[in-house]
Structure formats: structure tokens, C-alpha cells
């Protein structure tokens with residue numbers, strides 16, 4: 001295309017012995033091994049865990065603040081058959097996170113009434129909306145769990161509380177100065193959260209909750 005400037009990727013040059021160790025341990029190409037080294041992988045064994053890790057290689061879910069509160073409230077809902085609404089953001093992160101939690105709850109508590117609302121990108125946009133909260137309350141929902149949203153929806157969560165619903169927030173976006181008044185707020189980017197993986201996607205936060213359950 002006329003006028004387009006050609007660009008080429010330029011990789012930083014880490015220690016060659018580290019790149020060689022990663023390459024020989026994993027069988028990756030030199031380019032892939034260089035990328036891993038540039039991302040802080042400190043050697044062959046760590047590269048192996050990064051590429052083929054198991055649940056044992058992941059930090060304990062209970063290092064995430066409020067996770068125990070969230071797990072206990074969901075277990076209580078399962079025992080009492082409290083209707084649960086999973087409220088998800090419109091993107092693939094919201095969709096996969098909602099599916100992860102829904103499928104787990106259906107297997108763990110077969111009689112638990114669980115439903116999903118996923119925002120429409122155009123009609124709803126982002127976040128927890130007051131009209132959806134009102135509709136959930138009218139339908140008898142007792143526990144609302146957000147997926148990939150909720151960390152900034154303070155007014156909507158106050159409304160949910162006023163309508164007799166507990167709210168569990170699962171999100172990965174940066175919190176504001178005030179946290180929402182939810183029963184539990186799971187977000188690795190909370191300043192007071194000790195969970196080491198700060199860059200989890202929304203579905204990763206949900207998966208951490210499921211691991212705790």
C-alpha cells in the first residue's frame with residue numbers, strides 16, 4: 001500500500017546461555033526461547049512449568065482476598081437452593097468466565113437454580129446496570145455474581161443490596177478509590193490482594209474461585 005512504512009519486529013537480546021538452556025529443555029525455537037527469556041523466565045525448569053504447568057504450580061486460590069467469603073456464600077446458596085444469576089460482560093472473557101462458573105455450579109449443585117445474563121455489546125455496553133438488577137430482584141434472584149465487570153458498579157450493587165440480593169464481584173479491571181459494597185470482591189488488582197498473578201483475565205479470576213470451591 002502506497003505510503004505505508006515497513007516495520008520489523010526487533011527482539012531484545014537476553015543472555016545467550018539462558019536462551020540456549022530454554023531451547024534445549026523445551027525444544028522450542030530460538031525465537032520462542034528468546035521471547036520467554038525476555039518475559040522473565042529464568043531457566044529451563046521454569047519454562048517447562050510455564051508451558052506445561054499443573055494446578056500444583058499455581059498459587060493457592062486463597063491468597064486472593066475475599067475468595068473464602070465468596071466460596072462460602074456460593075456453598076450456602078447451593079445448600080439452600082438460592083437462585084443465582086451470573087452477570088457477565090459482553091466479550092469472550094465474560095462469556096468463558098460465565099460458562100466456567102455455570103458448568104461448575106450445575107455439576108456441584110444439580111438442583112441449584114442458576115442463570116446467565118450476558119450484556120449485549122451495543123444494547124447494554126459494559127457494566128452492571130440498574131434495570132438488570134431490578135429485573136433480577138423481581139425474578140427472585142438471591143445471589144448475583146459478576147464476571148469481568150462490577151468493580152466500578154457501586155450504585156448498581158447498592159441497589160442489589162437494597163433489593164435483598166448478595167453480590168459477589170469477580171473482575172480484573174483496576175479498582176477505583178472505593179470498592180463496591182459487595183459480599184465479596186475478587187480482583188487481583190486490589191491493592192490489598194496478595195494473589196501473585198496480577199494480570200489474570202476475568203475468566204482466570206472465575207477459575208480461581210472455582211478452584212477454591
Check off (1) over 21 Å from residue 69 (Cα atoms); (2) in a helix (DSSP H, G or I); (3) in contact (Cβ under 8 Å) with a residue 12 or more places away in the chain for residue 101 and give me the number that stays unchecked.
(1)
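Would segment 42-62 turn up any residue that is part of a loop (DSSP other than H, G, I, E, B), more than 27 Å from residue 147 (Cβ to Cβ) and not assigned by TED's automatic domain parsing to the domain that holds residue 205?
Pass one, segment 42-62, residues part of a loop (DSSP other than H, G, I, E, B): 42-43, 53-54, 58-60.
When the remaining residues are screened for being more than 27 Å from residue 147 (Cβ to Cβ), the result is 42-43.
Cutting the leftovers down to not assigned by TED's automatic domain parsing to the domain that holds residue 205 gives us 42-43.
Within segment 42-62 (the criterion being part of a loop (DSSP other than H, G, I, E, B), more than 27 Å from residue 147 (Cβ to Cβ) and not assigned by TED's automatic domain parsing to the domain that holds residue 205), the answer is yes, since at least one residue qualifies.
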Test: residue in segment 62-75 that is out of contact with any helix residue (DSSP H, G or I) (no Cβ under 6 Å at 6 or more places or on another chain) and more than 26 Å from residue 180 (Cβ to Cβ):
no
Tell me yes or no: at least one residue of segment 47-55 is under 30 Å from residue 183 (Cα atoms) and under 23 Å from the mean Cα position of the chain (by Cα).
yes
Considering only segment 52-85, state which residues are within 30 Å of residue 25 (Cβ to Cβ) and either surrounded by 20 or more Cβ atoms within 10 Å (Cβ to Cβ) or in contact (Cβ under 8 Å) with a residue 24 or more places away in the chain (or both).
55, 58, 59, 61, 63
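What is the residue count in segment 10-30 for residues that are surrounded by fewer than 14 Cβ atoms within 10 Å (Cβ to Cβ) and farther than 24 Å from residue 199 by Cα?
Within segment 10-30, the subset surrounded by fewer than 14 Cβ atoms within 10 Å (Cβ to Cβ) is 10-13, 15-17, 24, 27, 29-30.
After this cut, where a residue has to be farther than 24 Å from residue 199 by Cα as well, the list is 10, 13, 15-17, 24, 27, 29-30.
Looking only at that region, the number is 9.
The values are calculated or read from the model by the stated rules, or taken from the named source; none is laboratory data. Just so we're clear, the structure is a prediction, and the values are computed from it rather than from any experiment. Positions of Cβ are generated from backbone atoms using ideal geometry, with glycine treated the same way; all protein chains shown enter the neighbour counts.
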